[in-house]
Amino acid sequence: MNHDHPPPYLARCTCSLHARRLFTGGLLAGGAALALPGWAREGVEVGPRSSFSELVSAEQIEQAALQNYLQLRQGAAAKGLLAGAGNPQLARLRAIAQRLVPYTYEWNERARQWRWEVNLINDPQINAFCMPGGKIAFYTGILEKLKLSDDEVAMVMGHEMTHALREHARERMGKTLVTRGVIEVGAAIFGLGNGGRYLAGMGGQLATLKFGRDDESEADLVGMELAARAGYDPHAGVTLWQKMASANKGAPPQWISTHPSGPTRIRDIEVNLPKVEPLYARAGKPGQRFDPVR
């Protein structure tokens, strides 16, 4: 998501809910439902990850993301804008994340080792993001202005998780390396030469990357599946984007400025609902529900 006038401590933080192709700083336990060989997979259908991502080291980009996230978190804390552990909305976000995380492993095996973390920043922007390595932040604006239900929060969170799981930032950086002519064959893979120097300075770009429409669509669909498997109603994807369309009547929220239009997203979600409705029907449902921000 992009900010036209971000506060100083978030000058580089502009994540987004994009359309194609994933909490507390501890490792979350749990197992995903993995497809067995020869069995037809249930759920949404997306293509393989882009080969451009192979031009960038996953370890390097995750380390850069961690450093960038720590800087953003520290900046928010210094301004008194980072929600404390007793904040009920932060507890809500972390509870939802804990249910979604076990279902991420099927989409990216590295997610088993990620130290997932969720924080809440007191800022009126309609925004949320998940960096490579599972570092998530929500802004109070998206909860307060859209009055999100738990199911809708799960759709937002699943969407952002998908960007990390499907390595959209890694893919974008791989494409940038190629188009800028920065690397020789294999240089970025091994962190060598100009490619290595480029990757060393990439941390500040992670929150400002703009994903393409294909990335956005993929994040919508995979995020919806993650939420359904975790027991959140996938139909909330429709109501979420209806709320976003309503919020868009004035200046477009930054969260959707680079995304497919509301009607297009809603249509794609509705077409794919039959693929995830059985997953939701069988899923264990959350034992605790939280009220939207009043």
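Please treat every number below as a calculation from the coordinates, not as lab data. It should be emphasised that the depicted structure is a prediction, and the values quoted were computed from it without experimental measurement. No Cβ is skipped: glycine too gets one built from the backbone with ideal geometry, and neighbour counts run over all protein chains shown.
Would you mind ranking 129, 138 by Cβ crowding within 10 Å, fewest neighbours first?
Ranking 129, 138 by Cβ neighbours within 10 Å, fewest first, gives 129, 138.
How about segment 68-124: which trypsin sites (Lys or Arg not before Pro) there lie in a loop by DSSP and see at most 15 other Cβ atoms within 10 Å?
Filter output for segment 68-124: 79, 115.
R0 = 25 Å: FRET efficiency of residue 285 with residue 113, Cβ-based, nearest 0.05?
0.30
Arranged by the count of other C-beta atoms within 10 angstrom, fewest first, what order do 116, 241 take?
116, 241
If the viscosity is 1.567 mPa s and the temperature 4 °C, what Stokes-Einstein diffusion coefficient in µm²/s follows for segment 81-146 when Rh is the Kirkwood radius over Cα pairs?
In µm²/s, the coefficient rounds to 104.
Sorted from fewest to most neighbouring beta carbons within 10 Å, what does the list 269, 121 look like?
269, 121
What is the spin-label model distance, in nm, from residue 249 to residue 67 if the labels are put 7 Å beyond Cα along the C-beta direction?
Using points 7 Å along Cα→Cβ, the separation is 4.6 nm.
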